[in-house]
1. Could you say whether any residue in the range 83-95 is open to solvent by 20 Å² or more (accessible area, probe 1.4 Å), away from the ligand (no atom under 11 Å from the Cβ), small (Gly, Ala, Ser) and over 14 Å from the mean Cα position of the chain (by Cα)?
2. List every residue pair whose Cβ atoms sit under 6 Å apart, with the two residues 6 or more apart in sequence or on different chains, where the first one lies in the range 154-178 and is of a type in the set (A, V, I, L, M) and the second, anywhere, is at pLDDT below 95.
3. What number of residues in the range 122-139 are closer than 24 Å to Asp52 by Cα and open to solvent by 90 Å² or more (accessible area, probe 1.4 Å)?
4. With the structure loaded, tell me whether Glu66 is in contact with a helix residue (DSSP H, G or I) (Cβ under 8 Å, 6 or more places away or on another chain), exposed (fewer than 15 other Cβ atoms within 10 Å of the Cβ) and within 25 Å of Ser143 (Cβ to Cβ) or whether it fails that test.
5. Which one of Gly14, Gly84, Gly19 is touching a residue at least 12 places away in the same chain (Cβ under 8 Å), in contact with a Lys or Arg (Cβ under 7 Å, 6 or more places away or on another chain) and not basic (Lys, Arg)?
6. For the range 1-71, list the helices (runs of 4 or more DSSP H) that sit wholly inside it and hold at least 3 residues that are of a type in the set (D, E, K, R) and modelled with pLDDT of 95 or more; which are they?
7. What number goes with the only condition from (1) closer than 18 Å to Thr159 by Cα; (2) within 12 Å of the ligand (Cβ to nearest atom) that Ile50 does not pass?
8. For the range 96-119: of the residues being without any contact (Cβ under 8 Å) to a residue 60 or more places away in the chain and assigned to a loop (DSSP other than H, G, I, E, B), which is surrounded by the fewest Cβ atoms within 10 Å (Cβ to Cβ)?
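The values are calculated or read from the model by the stated rules, or taken from the named source; none is laboratory data. What you see is a predicted model; the values in this text were computed from it and never measured. Here the Cβ positions follow ideal geometry from the backbone for every residue, glycine too, while neighbour counts run over all protein chains shown. Just so you know, the surface numbers come from the protein's heavy atoms only, side chains and all, with ligands and any DNA or RNA stripped out. Shrake-Rupley method; radii C 1.70, N 1.55, O 1.52, S 1.80 Å.
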Amino acid sequence: MQPPRQYRNVALIGFMGTGKTTVGHQLATMLRFQFLDTDQWIEERCGQRIPDIFAQKGEAEFRVMERDAVAQLARYSRMVIATGGGLGANRENLASLKSHALVVCLWASPEGIWQRVRHQSHRPLLHDPDPPAKIRQLLTERSPVYREADVLISTEIRTVREVASQIAHQFQLARRPS
Ligand code: S3P
C-alpha cells in the first residue's frame, strides 16, 4: 500500500509562459507561504543566468542542476514552488515533487503561449528559427507527463487571481483530513 501523500507545499509545473511565477507569487501571498522559483534558485547557486548556463554548460548540465534542486525541495514546508518548464516534464522530478507537494500544472494553448513569450528573449529553447513550431513540438512531447499533475488548470480563461484562488481551494481540499 502507498503511504498517504504529504501536502506540505504547492508545486507549479507547466510550459514556459503559462504564468507559474506570476500565479506562484499571488498564491504564496494568499496562503501566507514562502515563494521559491527553481530557475532563480539554480541561477543563484550557479552564479550564472539561465541563457549563459545553456550556452556554456549545455542543456544536459542544466537538467542535472534541476534534478539537484528538486532533491533539495523535499525538506521544505509552507512553500509555493514555481518550476522551470522542463522540470515538471520529467517523471522522476514529478515523483519527487509529489512526495511533499500538491502538484498543479498550469495550462495554455500553443497560440496563447506564443503570444505571451514572443517579446521575451531569456528562454534559450525558443531561440529557434520557428518558435511557434518549437512550442507545439515541445508541448506535444511534454504533455503526457504534465498531465500526471494532481491538478490541471487553464490559465487562458482566468485572471491570475482566479487561478491562484482555485489552487488555494484545491490545496485546502487536499489537506483536509479524510
Ligand atoms: C525551460 C523553461 C524555463 C527555463 C529554461 C528551460 C524549459 O523556465 O527553466 O529556459 O525547458 O521549458 P520557464 O518555464 O519559467 O520559462
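1. Going through the range 83-95, the residues open to solvent by 20 Å² or more (accessible area, probe 1.4 Å) turn out to be 89-92, 95.
Keeping just the survivors that are away from the ligand (no atom under 11 Å from the Cβ) gives 91-92, 95.
Of the ones still in play, those that are also small (Gly, Ala, Ser) are 95.
Okay, now just the ones that are also over 14 Å from the mean Cα position of the chain (by Cα), so none.
No: the range 83-95 contains no residue that is open to solvent by 20 Å² or more (accessible area, probe 1.4 Å), away from the ligand (no atom under 11 Å from the Cβ), small (Gly, Ala, Ser) and over 14 Å from the mean Cα position of the chain (by Cα).
2. none
3. 3
4. Details: in contact with a helix residue (DSSP H, G or I) (Cβ under 8 Å, 6 or more places away or on another chain): yes; exposed (fewer than 15 other Cβ atoms within 10 Å of the Cβ): no; within 25 Å of Ser143 (Cβ to Cβ): yes.
No: the conditions fail for Glu66.
5. After ruling out the rest, the residue left standing is Gly14.
6. Values: elements: 20-31, 38-46, 50-56.
Of the helices (runs of 4 or more DSSP H) lying wholly inside the range 1-71, those with at least 3 residues that are of a type in the set (D, E, K, R) and modelled with pLDDT of 95 or more span 38-46.
7. Only one criterion in (1) closer than 18 Å to Thr159 by Cα; (2) within 12 Å of the ligand (Cβ to nearest atom) is unmet by Ile50, namely (1).
8. Filtering the range 96-119 for residues that are without any contact (Cβ under 8 Å) to a residue 60 or more places away in the chain and assigned to a loop (DSSP other than H, G, I, E, B), the one surrounded by the fewest Cβ atoms within 10 Å (Cβ to Cβ) comes out as His119.
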